Amino acid sequence: MKTDLGPSEQKEFEHQWQIICRGAVEMLPEGEFEERVKRSIAENKPLRVKQGFDPTAPDIHLGHTIGIRKLRQFQSLGHKIVLIVGDYTAMVGDPSERSATRPRLSYDEIMQNAETYQKQFFKILDKSKTEVHFNGEWFKSMTFAEIMELATKFTVARLLEREDFSTRIKNGIPISIHELFYPLMQGYDSVAIRADVEIGATEQTFNLLAGRTIQTAYGVDPQVVLTMPILVGIDGEKRMSKSLGNYIGIDEPPREIFGKVMSIPDNLIYEYFELATDATVAETEKIKQKLAQPDVNPMDIKKELGETLVDMYHPEGSGREAREEFERVFSQKQLPDEIERISVAELQHKGVDDITKIYLVHLISKTGLAKSNGEARKLIQAGAVTLDGNRVTDADFEFDLGDMARGRREGIVLRVGKRRFLRLVAD
């Protein structure tokens, strides 16, 4: 049955629909989606709009914010936002776009990651108008009989329709039974919180539509689905991901966010403005026109993007400061205003026992400037490491740190890559 709206209600619907549709890839099923919004307006009953996040790694990155910023738009229209922190689904791991089974995390690791998620959600959303649930609230108390009942709501044939699984079967790559439960669990989340709308990235389409099937099986009105585009990472090749290291975390320092933005390929500038900022349609169109002009340097527009993104997640003006520091360090070859200091005593506490004969590889890895000795070695060999301004390319380079630091009040500056600095001081 179609909902008839009065003139003022129709105007409100058109206003909401324009905002809801902006940037979306698909609205499924579209006619039903429109009807759900109209009914919400006619009955003056806010929609319950859901998105789930599995805390498989700490920190929210710009790719996550595409959906969260859409949630904020729903919130500004008066709808209720329901965030699901997948403490139980994270133990399974979403098989979407995976060519192999995900490594399983411990529950403690998941909950540590979840702490940062809960803080960072509200850099974007209004906390007072947001419900947050861990799906362990319902899965933890489920009996085996109830799990079996959930399993009856979906067929294996339907599960194996998804491309991820069919590709793995074709290539002889194993699929664990627990992975088949993921879409069922995500769907049951929608039953538990009675979702009207669920948002997710395009690769989530199967899981989102599975939610409709599960809700119907449990006698709940099926949700409608809104999919959002995937943000390409700063490598310009693969989707933004913590595991791939091609991400920009929203809680990273301004200098790090700005520096990472400067490293994206020029062909992603417009896409980042469109997907990761609050620029209007008119503003993004102007950016597109600028980028098409042969006399415009894309780096200038990229710096605007860097400023914009820093100011979105840090106090206003932080973007300008990050830009000025970037220009000092990289254009004028100067050092940043603030460089972390570490003393010889602190280094010994980190496991650097003999400061009279220390390998540069070990120093870099033990101070966290590289994830491992292997990565540190590669960075040195690539010419990405300087010690007091002198480039070191010998991966076996060793030196007397105490002797070098002694008598130098300002210490020794170790630089790794473009944005990592450390000042080594005697005490």
Taking every DSSP beta bridge with both residues inside the stretch 7-228, roughly what % is antiparallel (nearest 5)? 15
Compute the distance in nm between two label points, each set 7 Å from the Cα along the Cα-to-Cβ direction, one at residue 151 and one at residue 288. 5.0
Using only C-alpha positions, report the orientation-averaged shadow area of the convex hull of the stretch 7-228, nm², one decimal. 12.5
Compute the long axis of helix 205-217 from its Cα atoms, compare it with the longest principal axis of the Cα atoms of the chain, and write down the angle in degrees, 0 to 90, nearest 10. 40
FRET efficiency for residue 30 and residue 390 from the Cβ-Cβ distance with R0 = 51 Å, rounded to 0.05, comes out at 0.25
Amide H to amide H, which residues 5 or more places from residue 234 or on other chains are under 5 Å from it, using H placed in the peptide plane? 247
Compute the acute angle (0 to 90°) between the alpha-carbon long axis of helix 182-193 and the principal axis of greatest extent of the alpha-carbon atoms of the chain; round to the nearest 10°. 60
Only Lys, Arg (+1) and Asp, Glu (-1) charged, at Cβ; the chain dipole about Cα centre in debye: 280
Could you tell me what percent of the DSSP beta bridges with both partners in the chain are antiparallel, to the nearest 5? 45
Rough spin-label spacing in nm, given labels placed 7 Å along Cα→Cβ, for residue 2 and residue 297: 5.7
Tell me, what HN-Hα J-couplings in whole Hz come from the Karplus equation 6.51 cos²θ - 1.76 cosθ + 1.60 at θ = phi - 60° for each residue of the stretch 376-381, using x for Gly and Pro? 4, 4, 5, 5, 5, 5
With 0.36 nm assigned to each residue of separation and the Cα-Cα distance removed, residue 122 to residue 238 gains 39.1 nm
Ranking request for peptides 415-422, 82-89, 221-228, 265-272: highest mean number of other beta-carbon atoms within 10 Å first, then the rest in descending order. 82-89, 221-228, 415-422, 265-272
Checking the a/c ratio against 1.5 first, then a/b against b/c, what shape does the Cα gyration tensor give for the stretch 254-331? oblate
I need the calculated FRET efficiency for the pair residue 158 and residue 256, taking r as the beta carbon distance and R₀ as 41 Å, to the nearest 0.05. 0.40
Mean Cβ-within-10 Å packing, highest first, puts peptides 360-370, 40-50 in the order 360-370, 40-50
Could you give the angle, 0 to 90 degrees to the nearest 10, between helix 298-313's Cα long axis and the longest principal axis of the Cα atoms of the chain? 70
Give me the extension gain from residue 44 to residue 17: residue separation times 0.36 nm, minus the current Cα-Cα distance, reported in nm with one decimal. 8.2 nm
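Quick note: the coordinates plus some simple rules give every number you see, no bench work behind them. Only a predicted model underlies this, so the values are computations on that prediction, with no experimental measurement involved. Every residue, glycine as well, gets a Cβ built from its backbone with ideal geometry; the counts of neighbours run over all protein chains shown.
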